[in-house]
Structure formats: structure tokens, C-alpha cells
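Student: Submitted below is the structure of interest, expressed as C-alpha cells.
Just so you know, all these numbers are worked out from the coordinates, no wet-lab data involved. Bear in mind the structure is a predicted one, so any value in this text is a computation, not a measurement. Cβ: placed from backbone, ideal geometry, glycine included. Neighbour counts: every protein chain shown.
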Amino acid sequence: MLRYFTLNTTVETLSFVIAFVCLARDASPVWRRMILFLFITCVTEMLGIHIKRLYLADRVHVHPNVWLYNILLIFQAGFISSMFLLILNKYTNGKLIIISGLALLGVLYVFELLSHGIFAYNNITNTLMSVLFVLYSYYYYYCLLKNDKYVNLTFSPDFWWIAGALLFYFGRTACNVFFDILSLLKPDIVITYPIYKVLNIILYSYWSYSFMCRKWLISTSKVQFQ
Amino acid sequence: MQKMADINLESSIPIITLIFLIAPAFVLLYVLVQNRKKKKHIEEKTQMKVIFDAELIKTQMEIQEQTMQTIGADLHDNIGQLLSLTSLTLNSIELDCTDKARQKIDAAIELNLKSIKEMRLLGRLLHGEQLLKLGLEEAIRSEVTWIEKSGRFVVVYDIDGEKCGDSNADKDLILFRITQEILNNIIKHSQANEINIKLGYLDTGIRLQIIDNGTGFNIGDLPEAQKGMGLKNIQKRAEIVGGEVFIQSTPGEGTFIDIFIPYP
């Protein structure tokens, strides 16, 4: 059992537990759905480790775990886009840009699947998704600065959730872009994996903090309404 | 050798990650700094609003105080005198002498009518604050009527242009109080006998010009305390509503005061 708990899965599981504790009774269904998303992520990661083991043991009959991450891409695009929509809607009508982004990702995803099948990773979809999330994040910060109302960012769940997403997806896009150069540093081990690990820690730490802020805010409003 | 290379590579991973994260981290930092500035700006705005509200209340109270002072003085000097005279006239009537009694009764009636007229004017003054609801023009006109009544001054009051758009009650109040303060200064210190008041409506605001033919003064020679009481007060009030004040005065040649306030 312990072999399924790598650095990545541990961080993800911890974040899932924090999300469960903080968001289980959250008023917003979109925030509550983060628990489900993190659960799917944890299960996918652990299944990924299991399939990788099977594949390493029998490379003839077992496919690599890439297809699993192709499926995870759909959930990532859906759940994270819905979070961006919820947050952006506080400042502007984000429906059009989020739906257009999802449509673009959908078309590219199907195109990639048709061109190389499910057993090869949808790299272009993944990169485009990361770029879109980075742009959404920048757009959110632009709206935040343009807005006259002051928000205490230290305890703002929206701010920290998007900060995590921005750092993670920006770092991942940069990694994807410089993948070839980074691979040259040590051809036998892909150097991007350790960088992904660092990015994962950043992402889930920021998200966990944003969940805690969310929980803290809800308790405050309960006190105020009493 | 291979191990050394591995260690070097491992130590370079955080650096590579850091390089990748410089741009978004800088954006986050920028947002945080700007947000802090926004907080400071909002706090400053709130503080200015508090100061503005306090100044408005003070202005309202000053207008009330001035109204009460005028009423007190008028009751004592004018209506009181008229009523005393009426009483004396009625007391001196001798009923035996019908013709003289008739004359005295007529005089008493005339005095009484004058008192009623004065009371009516006083009644209008009591509604001084209400006058602002009719507009700045009317409020200033009531002040002019009151000054003219004393018989000491010839007042010319001109209105240039027409007000277009909505009124701003706060600015009207401030401008009315400034006018009162300037007129008070003229009455108390200038020894003038002519006052020209011009209220002009411009596209961007209101211009109020008050000229008197009094003794004038040298602005630089005024003691600091006196400046604080009058001119600085006018300046401060105008600035609080984003306005400007220009004062020109030469000893022996009167004073010219020009106030511009953006409106509404």
C-alpha cells in the first residue's frame, strides 16, 4: 500500500483531505466539486502508479498509463474551467471565454485522439489547456486590479486558488516548451519530472491554503448572521 | 564522476523551476503591491469623506448660528423699537381730544404695519436654510435683501448664464456659507458702501465674484490669526469641494474675490 504514496500522491491526498474538511459544507457547489476533482486526481495518480508497475513487469500485454492521464485531462479541463468561471463571474461575464476555451480544447482533444489514439499523450491539448489557464489567471488579476473594491488578498480563497493554478500551469507550460532542451541535460531520466514535483507541491499547497481561507470565511459569515 | 553530475543536476532543478516561476511570481507580487496601494487609497478617500462631512455639518451650524444672530439683532434693534414706539404712542392717547387721538391711533397703526412687515422678513430669514432648497441664487438673493435693508450698502446682484444639469446640495451649502463669510467681512471691516455680486454658471462649474469699494487690505500684512478666521476658512472650504479662490486687494481700492467651484 505504501508504494502508492509517492511525494506527488502524498501531497495530493493531503490536499484532498483538507478540501474534504474545509469544503464539505461549502455553500458553493463549484467549490464543493473540488473535493470530487481531487479525489479523481488521487485515484488516477495511484492507478497510474499501479499500471506503471504492471507495464514494467509485462511490456508486451500492458499499455503504459498514458491513456489514464488522457482521461484525467477531461476532468482537469472541466473542473478547473468551472472554478475559473465562478471566480471570473464576480468581475465580468466569463461565460463566453470559458466556453470558447472548453470548445477549443474539446476539438483539439478529439483531433489528437483520432490522430494518434488514446495510448499516446495529448500533448498539444495539455499545453493549450495550460496556456488557457495562465491567460484566465492573468485576466482575473487584471479584473481584480481594475475593480475599485478592495479585497483582503491574504485571506482571499479566489486569489490563492488562482495563484496556485498560475504558478503550476505557467511552470508546466515553460517545461513543455523547453522539454527538448531539458531532456538533453540527462537523456536517461526526464528532468521535467522533478520540476513537476516542485510545481505540484506549490499547486496543492496554495490550493489547500485557499480551501482553509474558504472555510474561515464561511465560519466568519455564520457568526455575523447569528 | 557520474555521481557528481547527478548532484549538480539535482541542485539545478530548483534553479530551473525558479527561473520558470519568476514571471508569474512577479505578477503575483505586483498584484499584492497594487492591492495594498488600493487599500491605502480607499482609506484616504474614506478619511477625506469624514473630513468633508464634518465640514458640511460645521457649515450648516454656522449658517444656523448666523441666522439666529441676525434674528436676535433685528428683534432688539428693529422690531423691538417699533413695538416700544407703538406702545408709547398708544399710551399717550388722550381720549378727550378726539382729533389728536385719531392722529396717534393712525401713527400706531402705521408702526404696527411696519412691525408686521419686519416680522414677515424675519420669518423669511428663519427659513434661511430652506432657501437653499430653492437654489443657491435665491439663498444669495435673501442675503442681498437683508444687507440692502440696512440702508448702508448699494448691492448689485447679477446672475450670468443658466444652471444646467442637477444641483449639488453640498456644494450649494458650502458656496452659500462662503458668500455669507465674505459679506460678513465686508460689513464688519471694509467700510464699503457698494457691493457687486456676480454668480456665473459655466460649462464646468460655478464662478462667484464679489467686489467691494471698501478700504481694502494688504494680504501679506494680515495677522496669521485673522487670516485663519476668514480667508483661510474660505480657501479651505473651496478646496474641500475642489474649488479655487483668488483674492485681490489693495489698500484704499477695495477687494475683489473670485471663486470657482467645479459643478455639479
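Student: Let me have the 222 nm mean residue ellipticity of chain B computed from DSSP H runs of 4+ only, each contributing -39500 (n - 2.57), with the sum over all residues rounded to the nearest 500.
Tutor: Estimated from H runs of four or more residues: -22000 deg cm²/dmol.
Student: What spacing in nm lies between the two simple spin-label points modelled at residue B:58 and residue A:216, each 7 Å away from Cα in the Cβ direction?
Tutor: Inter-label distance under the simple model: 4.1 nm.
Student: Going by the alpha-carbon gyration tensor, a ≥ b ≥ c the square roots of its eigenvalues, is segment A:2-220 rounded (a/c under 1.5) or, if a/c is not under 1.5, prolate (a/b greater than b/c) versus oblate?
Tutor: Note, shape of segment A:2-220 comes out prolate.
Student: Right, here's the next one. Suppose only helical runs count, i.e. DSSP H with n ≥ 4. What mean residue ellipticity at 222 nm does that imply for chain A under -39500 (n - 2.57) per run, divided by all residues and rounded to the nearest 500 deg cm²/dmol?
Tutor: On the way: 8 runs with 177 residues, N = 226.
After summing the helix terms and dividing by the residues of chain A, the value is -27500 deg cm²/dmol.
Student: Counting only DSSP beta bridges with both residues in segment B:53-212, tell me the antiparallel percent, nearest 5.
Tutor: 50 percent
Student: Here's something else I'd like to know. In what order do B:188, A:52, A:215 fall by count of nearby beta-carbon atoms within 10 Å, going from fewest to most?
Tutor: The most exposed by this proxy come first: B:188, A:52, A:215.
Student: Quick check: the angle from helix A:123-146's long axis to the longest principal axis of chain A, C-alpha only, nearest 10 degrees?
Tutor: That helix lies at roughly 20 degrees to the long axis.
Student: While we're here: What order do you get for B:63, B:42 when you list them from fewest to most C-beta neighbours inside 10 Å?
Tutor: Numbers: B:63 19, B:42 13.
Fewest-to-most ranking of B:63, B:42: B:42, B:63.
Student: Which angle from 0 to 90°, rounded to the nearest 10, does the C-alpha axis of helix B:2-74 make with the longest principal axis of chain B?
Tutor: 0 degrees
Student: Going by C-beta contacts inside 10 Å, put A:99, A:80 in order with the fewest on the left.
Tutor: Lowest to highest Cβ neighbour count: A:99, A:80.
Student: Points 7 angstrom from Cα along the Cβ direction at residue B:149 and residue B:76: gap in nanometres?
Tutor: 1.7 nm
Student: For chain A, what does the relative contact order come out to in percent, with C-alpha contacts under 8 Å and a separation of six or more?
Tutor: Working: 204 pairs, mean separation 52.4, N = 226.
23 percent.
Student: Compute the helix-to-body angle for A:192-225: its Cα long axis versus the longest principal axis of chain A, expressed 0 to 90° and rounded to tens.
Tutor: 20 degrees
Student: Taking the simple approach of a point 7 Å from Cα along Cα-to-Cβ for both residue B:101 and residue B:23, what is their distance in nm?
Tutor: 11.1 nm
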